1. Just one of 275, 292 is over 19 Å from residue 120 (Cβ atoms), over 23 Å from the mean Cα position of the chain (by Cα) and modelled with pLDDT of 95 or more; which is it?
2. Considering only residues of the stretch 159-174 that are surrounded by 16 or more Cβ atoms within 10 Å (Cβ to Cβ) and assigned to a strand (DSSP E or B), which is farthest from the chain's Cα centre (by Cα)?
3. What number of residues within the stretch 10-38 are part of a loop (DSSP other than H, G, I, E, B), at pLDDT 95 or above and surrounded by fewer than 18 Cβ atoms within 10 Å (Cβ to Cβ)?
4. Would you mind finding the one in 258, 236 that is out of contact with any helix residue (DSSP H, G or I) (no Cβ under 8 Å at 6 or more places or on another chain), assigned by TED's automatic domain parsing to the domain that holds residue 311 and surrounded by fewer than 23 Cβ atoms within 10 Å (Cβ to Cβ)?
5. Consider the stretch 141-153. How many of its residues are more than 15 Å from residue 201 (Cα to Cα) and either within 13 Å of the chain's Cα centre (by Cα) or touching a residue at least 24 places away in the same chain (Cβ under 8 Å) (or both)?
6. Within the group 128, 104, 100, which residue is assigned to a strand (DSSP E or B) and modelled with pLDDT under 95?
7. Is the stretch 269-277 home to any residue that is in the same structural domain as residue 124 (by TED's automatic domain parsing), surrounded by fewer than 16 Cβ atoms within 10 Å (Cβ to Cβ) and without any contact (Cβ under 8 Å) to a residue 12 or more places away in the chain?
8. Going through the stretch 76-110 one residue at a time, which ones are under 15 Å from residue 25 (Cα atoms) and surrounded by 20 or more Cβ atoms within 10 Å (Cβ to Cβ)?
């Protein structure tokens, strides 16, 4: 048993999502979105390095010492998997561990709108899940992939950095590939996947132009592609993809994207105030013919109107979802205001001036 496993057990007992260990400071846990110190001694650089190296593969240690950053996955059987990141900082080594539950929750258990589970049944196209770091994108995608795994008889390939949720083949055959271990990078794996007879491809993140181009191509050639981006809304997601490409290619990319896209889900996590736990608020854009036409004609600023009028297709604006959670008494007014897109709509709910005075 590795020494750091004791901290992972503490994470599980406390219901923490992340563990932070850093030379020169006490360990800390992120519980319900907030950092809390662990009652433990200040960590010495050499002791911490020895502790975290116990769970890292040799090739990862070598790369860390060369570059100062690495990512990899670690599992404690019967407890959980962890997404591990080592990095160097002023006082020495540091690491952050994100807990990935062993059990994959369904879309219903996560409290996601019913249209999210239906995405698992699409025959082809591009589905993008967006949101800030720690907003639950991986959890949502895992639930959708698990739904497809239960209901379909297809071949699923996942390309991740690192592998997070582990899927066992059920109705589908599932092959999970980790960047840096099983393949060089996302684009190389995605290019290879097109020759590996997949029906569904999960790309952990679209990080560059080549990966975006290949994902759109895969969706346009009859595959169902799921992926993520770090954007805050459906509109900004479309613009972000197009703007990555050179100006001369953007018109063609808009056309290709409008043909391939099926849905954009933008989500934010909130700390619940009625009980322990967190809950998601989702903005959902479904690619109806009208939506595709707006994308093709570079009128993404009109997508919010389509989402307002497209409720029968399962569409919704993020601010409407946030207001619903607030009206249920699940989330605070301050949290609602801070994470909303249209701040003025939520300003009357506050009893004092907003914390972020730059958005007042």
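The values are calculated or read from the model by the stated rules, or taken from the named source; none is laboratory data. Just so you know, these numbers come straight off a predicted model, no measurement behind them. Cβ coordinates were reconstructed from backbone atoms using ideal geometry, including for glycine residues, and neighbour counts include every protein chain displayed.
1. Selected residue: 292, the only one of 275, 292 that is over 19 Å from residue 120 (Cβ atoms), over 23 Å from the mean Cα position of the chain (by Cα) and modelled with pLDDT of 95 or more.
2. 174
3. Counting residues in the stretch 10-38 that are part of a loop (DSSP other than H, G, I, E, B), at pLDDT 95 or above and surrounded by fewer than 18 Cβ atoms within 10 Å (Cβ to Cβ) gives 4.
4. None of the other options fit; the residue is 236.
5. Going through the stretch 141-153 one residue at a time, the tally reaches 1.
6. 100
7. Scanning the stretch 269-277 turns up at least one residue that is in the same structural domain as residue 124 (by TED's automatic domain parsing), surrounded by fewer than 16 Cβ atoms within 10 Å (Cβ to Cβ) and without any contact (Cβ under 8 Å) to a residue 12 or more places away in the chain.
8. 93, 94, 95
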